[in-house]
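First the structure, in the form of structure tokens, and then the observations on it.
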Amino acid sequence: MIEHRAEEYIRLAMAAAETAAQRGNAPFGAIIVDPNGAVVATAYHRVKEMLDPSAHAEITAIRTLCQERRTTSLEGFRLYVNKEPCPMCCICMIEAKLAALYYGDSDEASVPCYIPAEEIARRARGHRLRVYGGILATETIRQREQLSRQYGL
């Protein structure tokens with residue numbers, strides 16, 4: 001079942017994506033919500049800014065929250081992102097034991113090795129990540145296209 005505030009949270013991820021673009025990074029943003037619905041982490045794509053190929057929005061959010069909480073387990077937490085995550089990010093979510101992933105649209109062209117998030121979650125051993133996609137998909141696509149044009153990304 002899709003969480004009733006999913007669109008609100010995806011819009012917050014879109015705001016983070018705008019920050020990424022303003023700073024010269026790809027327009028991707030992510031937020032993490034705790035089991036009570038509070039936003040506890042916000043991050044954006046920082047690959048160019050940090051010169052770190054792993055500094056995707058999802059991994060940056062997970063890394064920050066795990067460090068703050070001094071744990072590697074985010075059981076019960078949910079991640080929201082404006083675009084379907086790449087395989088690296090999906091595996092990080094599974095390793096962190098996130099409860100669910102919610103994303104805007106799928107864009108196979110922007111991922112060097114496309115494997116659907118649902119497929120990765122289905123094949124995971126030891127932890128079940130629930131995956132819900134297509135939330136505000138038209139808006140997330142439109143925003144990324146607009147930000148890419150505006151900032152020459």
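Please check which bits of region 127-153 a label hung off residue 22 would reach, taking the label as a point 7 Å along Cα-to-C-beta and the cut-off as backbone N under 14 Å. Correct set: 147, 151. The Rg/Rh ratio for region 1-95 is 0.95, where Rg is the radius of gyration of the alpha carbons and Rh is the Kirkwood radius. Annotation: extensible slack from residue 39 through residue 71 equals 9.7 nm (criterion: 0.36 nm per residue apart, minus Cα-Cα distance). Pairwise Cα separations in region 29-153 fall into 10 Å bins from 0 onward with the following percentages, short to long: 13, 46, 33, 7, 0.
Helices from the chain with mean Kyte-Doolittle at least 0.0 and a Cα length along the axis of 30 Å or more, per DSSP H: which? All intermediate terms of the calculation are to be shown ahead of the outcome.
Numbers: long enough: none.
Length and hydropathy pass: none found.
When the P(r) is computed for region 18-71, the part past 12 Å accounts for 62% of the Cα-Cα pairs. Tell me the carbon and sulfur percent of the accessible area for the chain, rounded to whole percent, probe radius 1.4 Å. Carbon with sulfur: 50 percent of the solvent-accessible area. With a Förster radius of 35 Å applied to the beta-carbon distance between residue 148 and residue 7, the computed FRET efficiency rounds to 0.95. Averaged per residue, the chain has 51 square angstrom of accessible surface, using a 1.4 angstrom probe with ligands and nucleic acids left out. With each label modelled as a point 7 angstrom along the Cα→C-beta vector, the residue 139-residue 48 pair spans 2.6 nm.
The values are calculated or read from the model by the stated rules, or taken from the named source; none is laboratory data. In this text the structure is predicted, and so the values were computed from the model without any measurement. Cβ: placed from backbone, ideal geometry, glycine included. Neighbour counts: every protein chain shown. Protein only, heavy atoms only, side chains kept; ligands, DNA and RNA dropped before computing areas. Shrake-Rupley method; radii C 1.70, N 1.55, O 1.52, S 1.80 Å.
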